[in-house]
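Derivation of every value follows stated rules applied to the coordinates shown; laboratory data play no part. Since the model is a prediction, treat every value here as computed from it, not as a measurement. Methodologically, a virtual Cβ is constructed for each residue, glycine included, from the backbone with ideal geometry; neighbour enumeration extends over all protein chains shown.
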Amino acid sequence: MLGSGLAASYTRGVDALRLPVVSAGPRALDAGALGLSTRGDARAQGLLDRFGRSHTYLRISIIEKCNLRCRYCMPAEGVPLLPKDDLLTFEEIERLAALFVRLGVRKIRVTGGEPLVRRDVDDLVARLGRLKALGLQRLAMTSNALLLRQHLAALRAAGLDAVNLSLDTLRPERFRAITLRDGCEETIAAIRAAAEAGFDAVKVNAVVMAGINDDEIVDLVRAFALRSPIEMRYIEYMPFEGNHWGERLRMFPAQAIRARLEEQLVLEDRGLSETAQIYEVREKSGERFRGRVGIISSMTEPFCATCNRTRLTADGHFRWCLLDEGEVDLRAPLRAGAPDEELAAIIETGLQRKKPGHAPAEELLELQKVAGARAMIRIGG
């Protein structure tokens, strides 16, 4: 069982093992609680949903395979691998990405699985980089960084602007317990190399799990953000199919993350940036960090009211919410010869099904039990 033998002597003030599993806050599905109201047919105004939220951010998963086995992302038994022919080709990804840019998307993030395990990924990034001529403003990638150093020069030359790199612990033995693989030292080295590579932004993502790695919250930000302009981001653990949310792994909520940081550091709130609440950081002695902190509180403090993101899965399905099983197939009509106008209509009609917000955690757990529910790795990080 993950966590056995990993619990550390935590600093006082936050008892990781007595934290609530779920938030008792307002239902995220309630439009009124989110300050949202329906605005009629918004399709003619761009890539907007029925609440007038503008969707300028597309996350494209290019593969479901990963070279790690993180327990919070993949079920213990793994997931069936897609047949190669079910994956979108680079030409199909490029065409759909270009269509989304023409519909108003200004930021694209390449995800997986682990995107760097897909053959010739540098060529795909170059294809997407050329969409800046159509209006794309930012091209980013999320990676576990294990293969990053060998791709850094090519990715920068291809037009990649930013990277989000995943690391939940600084301890090699704990890294193996969480991911079931080695690679802690290589990930740390790749993060430091990325910080020197000239990207507009380098962010480090850590999923915080109670009793597993919450004793490293301060260590992580000091390791990466004290002397480098890196954003250290802490992510609440979310329930997905087969990942034992609330059983072997428990969420460490945003309020507790802040409390743990403030035991040793001073946080200065700089507001919400996309999905993360941003904080400038300094030591209590006065020393300022070059980087900053971001906290992504999808479960306890949802940001659904300002959500601007959509997703394209590796098998070509369009999803409008990470935590909603609703999706529509774009691959089939694409391969059947549908023109861009027809594909755009499918995208826009699907987006009108987006709800005000996602369900509370306890309801998400039930929704994940339905046939066809996707594990995190089959949606895209």
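Starting from the Cα-Cα distance between THR349 and ASP219, subtract it from 0.36 nm times their residue separation and give me the gain in nm to one decimal.
42.2 nm
Could you run the Karplus curve 6.51 cos²θ - 1.76 cosθ + 1.60 with θ = phi - 60° over segment 197-212 and give me ³J(HN,Hα) per residue in whole Hz, x for Gly and Pro?
So the Karplus estimates, Gly and Pro as x, are 8, x, 5, 5, 8, 10, 10, 10, 9, 10, 7, 9, 10, 4, x, 10 Hz.
Could you compute the FRET efficiency for ALA193 and SER37, with r as their C-beta to C-beta distance and R0 at 45 Å, rounded to 0.05?
The calculated FRET efficiency here is 0.45.
So between ARG119 and ASP182, what do we pick up on full extension, going 0.36 nm a residue minus the alpha carbon distance?
20.5 nm
Please state the shape class of segment 153-230: rounded when a/c is under 1.5, otherwise prolate if a/b exceeds b/c and oblate if not, all from the C-alpha gyration tensor.
prolate
Could you calculate the contour length gain from ARG149 to GLU92, that is, 0.36 nm times the residue separation minus the distance between their Cα atoms, to one decimal place in nm?
Length gained, ARG149 through GLU92: 17.8 nm.
Report the FRET efficiency, 1/(1 + (r/R0)^6), for ASP329 and THR306, where r is their Cβ-Cβ distance and R0 is 30 Å, rounded to 0.05.
According to the calculation, E is roughly 0.60.
Put one equal scatterer on each alpha carbon of segment 256-321, apply the Debye formula with no solvent term, and list log10 I(q)/I(0) at q = 0.15, 0.17, 0.19, 0.21 1/Å to two decimals.
-0.60, -0.70, -0.79, -0.88
With a Förster radius of 35 Å, plug the Cβ-Cβ distance of VAL266 and ARG69 into 1/(1 + (r/R0)^6) and report the FRET value to the nearest 0.05.
0.40
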